[in-house]
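The values are calculated or read from the model by the stated rules, or taken from the named source; none is laboratory data. These numbers were taken from a predicted model, which means no experiment stands behind them. FYI the Cβ positions are ideal-geometry reconstructions off the backbone, even for glycines, and counts take in every protein chain you see.
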Ligand code: ATP
Ligand code: MG
């Protein structure tokens, strides 16, 4: 759906993974700024199925997170949403997702995996880290409250430069899904922190109730 069909040219495709519970302007503007800086032809948002790093809290159903992500990107022709992780049974690791994406797209499509400084710092625990470099480029973006230098150190310490990590300073938006969920539970407004169709979806479906 992103129009990557000309085999004679090279395409650059971003992949933005996340729990997206819910998606917010931090995710969207991050994807837009990376797309702009790296001349990406499109960005695929990839909501996680069973988020293996978040077992300590209840996560909204995958279908709700998928629906909100779709609503959020609907007005941007360069953005789309993939069900790859949602449709897989059990836990999905980044390396699995990238393998699937790599086999799905021909060689003239280069993949750019996008993540925030907090997610980069966890890279040591990513399964199959040694293989990642062959599958995609990595773009780490700045995020308020997280140090990119620390993220870079963690990465260098654990991976000894096994893959390509580009760093990009983006507009600082101190927005998190955790903060949005808390606001909804407290009856506070989340307008302008996420697109209005997402605000309405959360209201209509009664997501993030107080008793959760
Ligand atoms: P939660 O609070 O539930 O962890 P979150 O806001 O961190 O939610 P995730 O779905 O965990 O959102 O993040 C998906 C990806 O988006 C991660 O790579 C994360 O680093 C990045 N990201 C999220 N919010 C921002 C932001 N405000 N600025 C830059 N990157 C962000
Ligand atoms: Mg997070």
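Observations on the model:
- Taken residue by residue, the range 77-97 has at least one member that is at negative phi, surrounded by fewer than 16 Cβ atoms within 10 Å (Cβ to Cβ), modelled with pLDDT of 95 or more and over 16 Å from the mean Cα position of the chain (by Cα).
- Per the conditions (1) more than 20 Å from residue 14 (Cβ to Cβ); (2) modelled with pLDDT of 90 or more; (3) surrounded by 11 or more Cβ atoms within 10 Å (Cβ to Cβ); (4) within 16 Å of ligand 2 (Cβ to nearest atom), the sole criterion not satisfied by residue 200 is (4).
- Number of residues in the range 136-145 that are within 16 Å of ligand 2 (Cβ to nearest atom) and either at pLDDT below 90 or outside any strand (DSSP E or B) (or both): the value is 3.
- Counted as qualifying within the range 79-135 are the helices (runs of 4 or more DSSP H) with 2 or more residues that are within 13 Å of ligand 1 (Cβ to nearest atom) and without any contact (Cβ under 8 Å) to a residue 60 or more places away in the chain, namely 117-121.
- Of all the numbered requirements in (1) at pLDDT 90 or above; (2) more than 13 Å from the chain's Cα centre (by Cα); (3) within 16 Å of ligand 2 (Cβ to nearest atom), residue 113 misses one, and that requirement is (2).
- Residue match in the range 160-176 (condition: within 16 Å of ligand 2 (Cβ to nearest atom) and not in a loop (DSSP other than H, G, I, E, B)): no
- One residue stands out among those in the range 28-43 that are under 16 Å from residue 113 (Cβ atoms) and in contact with a helix residue (DSSP H, G or I) (Cβ under 8 Å, 6 or more places away or on another chain): the one that is nearest to ligand 2 (Cβ to nearest atom), which is 43.
- Inspection of the range 146-167 finds a residue satisfying the criterion of being modelled with pLDDT of 90 or more, within 28 Å of residue 9 (Cα to Cα) and under 18 Å from the mean Cα position of the chain (by Cα).
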